[in-house]
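Please read the structure below before turning to the comments.
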Amino acid sequence: MPTLSPRFFSSLTSLLLVLSTACAAPSAPVHQSAAVIPQPRQLQQTPDAPGFLLSHGIKVDFTTSRSELGRAAIRALMAAGFSIQPEEMSGDLSVKLIPAPNRETYSISITPAGIELSIASPAALPAAAQTLAQAVMQDSAGQPALPSMQLSDYPALQHRGIMLDPCRHPISVEDTRRVLSLMARYKLNRLHWHLCDD
């Protein structure tokens, strides 16, 4: 069996570092501002600066993809429509727990190098992921990107609901699914499904 020289491993390491850096290239300048609904409690954006490029998806490192919190974040991001590239040597996503009185509190920091999510509990992940989805826009080169920004938020109300009343007016399965998707998009968390008056 042939042996591989230390020079081979050194060259391979250099190549992997170059490839990793190329994949994590910043976006072109992002001229638009993120329109997040509901308006977050704190939002600071860096106008006309490079953002985080999404054209190759979000890389997730091995440690994040193997942790319970990391897997919950991946599920929330995929449900919000993001493409996740797992099992990388170094990832674009960092997720950590922070102390906060409201368990749905979250903070987001976006730089050209990656995305940092700070959450009070996994219950904050769906809203954080939807906030990221609302912030996606095109950079000046026409590529999907997230603008460089710092954001902190938590809901004012624990119960954020909507009622569907197919009892009085039929609603199709497709329309019901669309309502559920829009509820998730705008961070509503309770569905009153009024199926019967009897």
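The values are calculated or read from the model by the stated rules, or taken from the named source; none is laboratory data. Model, not experiment: these values are computed from the prediction. As a convention, Cβ positions derive from the backbone with ideal geometry for all residues, glycine included, and neighbour counts pool all protein chains shown.
Points to keep in mind about this one:
- With respect to being in contact with a strand residue (DSSP E or B) (Cβ under 9 Å, 6 or more places away or on another chain) and in a loop (DSSP other than H, G, I, E, B), GLY91 fits the description.
- Every residue from the range 131-149 that is more than 13 Å from the chain's Cα centre (by Cα) and of a type in the set (S, T, N, Q): GLN138, SER140, GLN143, SER148
- Annotation note: of ALA76, ALA72, the sole residue that is more than 18 Å from ILE110 (Cα to Cα), modelled with pLDDT of 95 or more and either aliphatic (A, V, I, L, M) or part of a helix (DSSP H, G or I) (or both) is ALA72.
- Within the range 178-185, not a single residue is touching a residue at least 40 places away in the same chain (Cβ under 8 Å), assigned by TED's automatic domain parsing to the domain that holds LEU77 and surrounded by 13 or more Cβ atoms within 10 Å (Cβ to Cβ).
- Tally, over the range 128-153, of residues that are outside any strand (DSSP E or B) and over 16 Å from ALA76 (Cβ atoms): 7
- Within the range 154-181, the set of residues being more than 16 Å from ILE37 (Cα to Cα) and part of a loop (DSSP other than H, G, I, E, B) comprises GLN158, HIS159, ASP165, PRO166, CYS167, ARG168, HIS169, PRO170, ILE171, SER172.
- With respect to (1) in a strand (DSSP E or B); (2) touching a helix residue (DSSP H, G or I) at 6+ places or on another chain (Cβ under 9 Å); (3) crowded, with 16+ Cβ neighbours inside 10 Å; (4) not aromatic (Phe, Trp, Tyr), the lone exception for LEU191 is condition (3).
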